[in-house]
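Okay, structure first, notes after.
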Amino acid sequence: MPANTPLGISYPLYSDAISTTQAQFQDMATDMDTLVQQLEDRLTAASTRPTCKLSGIANQLVAPATNVTVVWAAEDFDNDNMANIGVNATRIQLIDQGIYLVGASIALSNTLGTYGVSATIVNSAGVGGGVQTMRGVSSNLDTTPGQTYINPQSMVYADGITTVDVTVVVRQNSAAGINIQDRNFWATKVSNGGGGF
Amino acid sequence: MGVTPNRGYPYPDPSSPMRITEDLQALAEAYDADLKSVQDTVQQRVMFRATASARQAYGAGATATVSYDVLEENNGGALAAGSTSMPRDTFIPNIHGMWMFTATVSYPQWLNIGWVSLELYSTFLVASAKATEMPNNADGNRTISVTGMQEMTGTGTGNSIRAILTTNVAGTRSVFPLFSRSLTGFLVARI
């Protein structure tokens, strides 16, 4: 009757019949094969973390005192089916279990006067269906410079069971509409969190 | 002889002659060589970090490419060979993949300044952050940071990254200093 090492590699005991040796050899080799393949798979996964980057250029209007969810036009990179702008052009989906670093760079057209503008990374899995997990704030001062940039970042946990949608919401308080212009939005898994690989 | 499905480890099948010691040696040697090849793929996290604490004069124009004096980290072959001598302001990641970059610059409070921006720039804008300055001298230094993600091709000849600081300082002094500053890049996903 063979025994097993702590990782599950089977080996024959001294009392085992010699007639079972060849079958036990095969079991041992197969167990070692499985463990090394599992190790290599985990190492490969660690060097290619789920990552996604979206971008857009075309003007998107932000009316005064209105929450506007940013729309994306291109999937620059996506190695885990985290985005599909043909289905939904506003979100990145965090599918695999883990902790993700999420960020955006948003350019906004300027407007005359001293007003505020914010960009918020919204996490669908938060309490009440939406949590402002990070807010970047800047101000439009006058007609120079040409654009105002906001660069919010946040860390978001996904449990691997319920997919987390992350989006970017822009709001401004000037007297007229301004445009969201050059922009990108990205997420990358940085840790497994509790459990998983 | 049979072989395992994933790694090709040899084992005797029922029709093979009984050669316990030889078969054990063959399995052990195959396992040893294969595990070594897997171990060799484990490297340090690919990343670099450049810093500077000596002042960088800023005042010749409204835009300055931030320079660095010390390459504190260059792990896992992160930077191209021609991109490691210091001081420098531009870095070339040497591995194809998605990279995360963060730049931080500390600078003094300036009078008559409306805004300051810090850009991560390749041959195009990667990310930018802008801050509004408080127009008084009641407190000391200010800090601005920007973080962005970009695919770098890893050719070692192009696809560089640098940080650019811009302000609309009105010029109450001829030269301003940039204080502590850093640029960090790390590979988040190979391509």
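The values are calculated or read from the model by the stated rules, or taken from the named source; none is laboratory data. Predicted model only: the values in this text are computed from it and were never measured. All Cβ positions, even for glycine, are placed from backbone atoms using ideal geometry, and neighbour counts span all protein chains on display.
Quick notes on this structure:
- In the set A:Ala74, A:Ala58, only one residue is surrounded by fewer than 16 Cβ atoms within 10 Å (Cβ to Cβ), within 22 Å of B:Phe101 (Cα to Cα) and at pLDDT 90 or above; that residue is A:Ala74.
- Of all residues in segment B:87-116 being modelled with pLDDT under 85 and assigned to a strand (DSSP E or B), the one that is farthest from the other protein chains (Cβ to nearest Cβ): B:Tyr107
- Test result for A:Ala58, of a type in the set (A, V, I, L, M, F, W, C) and touching a Gly at 6+ places or on another chain (Cβ under 9 Å): no
- All positions within segment A:154-177 that are closer than 25 Å to A:Val62 by Cβ and surrounded by fewer than 22 Cβ atoms within 10 Å (Cβ to Cβ): A:Ser154, A:Val164, A:Asp165, A:Thr167, A:Val169, A:Arg171, A:Asn173, A:Ser174, A:Ala175, A:Ala176, A:Gly177
- Residue in segment A:30-42 that is closer than 12 Å to A:Phe185 by Cα and buried (at least 19 other Cβ atoms within 10 Å of the Cβ) present: no
- Residues of segment A:77-93 classified as under 10 Å from the mean Cα position of the chain (by Cα) and either at pLDDT below 95 or not assigned by TED's automatic domain parsing to the domain that holds A:Asn59 (or both), total: 1
- Just one of the listed residues (A:Ala74, A:Ala23, A:Ala46, A:Ala17) is within 13 Å of chain B (Cβ to nearest Cβ) and in contact with a Gly (Cβ under 8 Å, 6 or more places away or on another chain), and it is A:Ala74.
- Of the residues making up segment B:43-86, those that are part of a loop (DSSP other than H, G, I, E, B) and either surrounded by 19 or more Cβ atoms within 10 Å (Cβ to Cβ) or not hydrophobic (A, V, I, L, M, F, W, C) (or both) number 17.
- Residues of segment A:15-26 include at least one that is over 30 Å from A:Gln93 (Cα atoms) and in contact with a strand residue (DSSP E or B) (Cβ under 6 Å, 6 or more places away or on another chain).
- Within segment B:41-59, none of the residues are within 14 Å of chain A (Cβ to nearest Cβ) and at positive phi.
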